[in-house]
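S.K.: The following block contains the structure, expressed as structure tokens.
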Amino acid sequence: MPPLLRFRYHPDPLATGAIVASNKPCVCCGQARGFLYALAPYSVHDDLAEAICPWCIADGAAEAKYAASFVDDYPLLQAGLPLAVVNEVCGRTPGYPSWQQEVWQHHCGDACAFHGEAGLADVESASAASIALFAQDYPFWRGGWAAFAASYVPGGSVALYRFVCLHCGVTRFGLDLA
């Protein structure tokens, strides 16, 4: 089994659960490489959950063959990111599961790297810059960061996804409510 390749915008898809170990062959390339994408991409084709290997995501074969997208492009396009970045994140990067529509975070004119659901340590050690960005993105959260942090339970009905800027290292948090 070849080692799992690394995605620029999703550096550890095994840890986040986006990629799972599997001996099944990929529906796109026909090879059994030991790993498959755990989720179903956005596509008119059915039955693509746990069917596409990471290599067919990375090289764009799944995007081309199934008109598949792994992340919603709207937030990244609205942010004014370069089309090449939007295309890489949406068409050649594993997505992540969310209850609502996922929102891939951005900073410094680029998409951020997804690092999975935030843990308590991430919330407790959030920088002033990260907290300010959260307040800007989610002004409806009553009580601010302190109230949020006091009530946050990883794996609960409020999900907080951790993204890290590839340029300055600031953490951005994406919020999802069940």
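Values in this text are rule-based calculations from the coordinates and carry no lab data. Every value quoted in this text rests on a predicted model; they were computed, and no experiment measured them. Neighbour counts are summed over all protein chains in view; Cβ atoms, including those assigned to glycine, are modelled from backbone coordinates with ideal geometry.
S.K.: Using modelled amide H (1.01 Å from N, peptide plane; none on Pro or chain starts), what sits under 5 Å from the amide H of Arg172, excluding residues fewer than 5 places away?
M.R.: The list, which skips near neighbours in sequence, is Phe163, Val164, Cys165.
S.K.: Rg/Rh for the chain to two decimals, with Rh computed the Kirkwood way over all alpha-carbon pairs. Don't jump to the answer; show the numbers that get you there.
M.R.: Details: Rg = 16.6 Å, Rh = 16.9 Å.
In the chain, Rg relative to Rh is 0.98.
S.K.: Right, another one. Just how large is the dipole of the chain about the Cα centre, in debye to the nearest 20, putting +1 at every Lys and Arg Cβ and -1 at every Asp and Glu Cβ? Kindly include the intermediate steps, with their values, before the conclusion.
M.R.: Details: 9 positive and 16 negative charges, 51 e Å.
With Lys and Arg at +1 and Asp and Glu at -1, about 240 debye.
S.K.: Let me ask something additional. Once you put a point 7 Å from the Cα of Ala84 and another 7 Å from the Cα of Lys65, both along the Cβ direction, what distance in nm separates them?
M.R.: 2.7 nm
S.K.: Here's a follow-up. Using modelled backbone amide H atoms (1.01 Å from N, in-plane), which distant-in-sequence or interchain residues come within less than 5 Å of Asp110's amide H?
M.R.: Result for Asp110 returns nothing.
S.K.: Rounded to the nearest 500, what is the chain's calculated 222 nm mean residue ellipticity when only DSSP H runs of at least 4 contribute -39500 (n - 2.57) each, over all residues?
M.R.: -7000 deg cm²/dmol
S.K.: Quote the FRET efficiency, to the nearest 0.05, computed for Val44 versus Ser98 with a Förster distance R0 of 25 Å and r equal to the Cβ-Cβ distance.
M.R.: 0.75
S.K.: Still on this structure, I have one more. If Lys and Arg each add +1 and Asp and Glu each add -1, what is the summed charge of the other residues whose beta carbon sits under 11 Å from the beta carbon of Thr171?
M.R.: Values: positive: Arg162, Arg172; negative: Asp122.
Computed value for this residue: +1.
S.K.: Let me ask something else. Once you put a point 7 Å from the Cα of Leu77 and another 7 Å from the Cα of Gln136, both along the Cβ direction, what distance in nm separates them?
M.R.: Placing both labels 7 Å beyond Cα along the Cβ direction yields 2.3 nm.
S.K.: Next up: Got a sec? Which residues in the stretch 147-166 would a label at Arg8 touch, if it sits 7 Å along Cα→Cβ and we count backbone N under 13 Å?
M.R.: Label zone hits: 166.
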